[in-house]
Amino acid sequence: MVGNHHQGTPWTATPPAALEVAALLADPRVTDPGLRAELLNFLAAVAEAGSITDRNLPEPDFDVDAALAQALGDGDEEGIWEDGRLQGALYIRAVRGCRQVVPALLATATAALSDPSPQVQAAAAHTIGACGGGTPLAWRS
């Protein structure tokens, strides 16, 4: 599975990674149906991460970037996880980012419905459902 989405938890790198994966699916050199299906399944997981909650996520009441820079200032990445407020703010940023890329993921999955592989078509339909687009049946006619 593609990184940046560990055990269902999105990271701030997840949305940009998902856009790169979507670009790979548009690359004509990526022809292996198993790989294409796995990439689509990753996109579905990203879309699902963006829908973890239907609540509006609160804006942090502090400068997240400054807190992140301070936590990393001593070169110890563990400092990020010692600050619960920072950890929560980064999680919110990741979920929001996943929500923002859903339209691009939906477009990629919709394009993949025309793939000749039933495995890829099924993964594309799953991804469309995860993006909130429902599972289209008309493409099978």
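The values are calculated or read from the model by the stated rules, or taken from the named source; none is laboratory data. Just so it is clear, the structure is predicted and the values come from calculations on it, not from any experiment. All Cβ positions, even for glycine, are placed from backbone atoms using ideal geometry, and neighbour counts span all protein chains on display. These accessible areas exclude ligands, DNA and RNA; they are computed on the full protein's heavy atoms, side chains included. Shrake-Rupley method; radii C 1.70, N 1.55, O 1.52, S 1.80 Å.
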Label assignment, semi-axes √(5λ) of the Cα gyration tensor in Å derived from the structure, set (i) 33, 16, 10; (ii) 40, 20, 13; (iii) 21, 18, 16
(i)
Compute the angle between helix 14-26 and the longest alpha-carbon principal axis of the chain, please, reported from 0 to 90 degrees and rounded to the nearest 10.
20
Accessible area per residue in Å² at 1.4 Å probe, computed on the chain:
57
When the accessible area of the chain is computed with all protein chains present and a 1.4 Å probe, what percentage of it is carbon and sulfur?
54
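When the helix-only estimate is applied to the chain (DSSP H runs of n ≥ 4, each -39,500 (n - 2.57), divided by the residue count), what is the mean residue ellipticity at 222 nm, nearest 500 deg cm²/dmol? Intermediate values should be presented prior to the final figure.
Values: 6 runs with 87 residues, N = 141.
Calculated at 222 nm, the ellipticity per residue is -20000 deg cm²/dmol.
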Using the crude model of +1 on Lys and Arg Cβ and -1 on Asp and Glu Cβ, and no other charge, please compute the dipole size for the chain relative to its Cα centre, in debye to 20.
880
³J(HN,Hα) across the stretch 106-115 via Karplus (A = 6.51, B = -1.76, C = 1.60, θ = phi - 60°), whole Hz, x for Gly/Pro?
4, 4, 5, 5, 4, 5, 6, 4, 8, 4
Starting from the amide H of residue 115, placed 1.01 Å from N in the peptide plane, find each other amide H under 5 Å away whose residue is 5 or more places distant or on another chain.
none
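Averaging sequence separations of C-alpha pairs under 8 Å and six or more residues apart, then dividing by the length of the chain, give the relative contact order as a whole percent.
On the way: 163 pairs, mean separation 47.7, N = 141.
Relative contact order of the chain: 34 percent.
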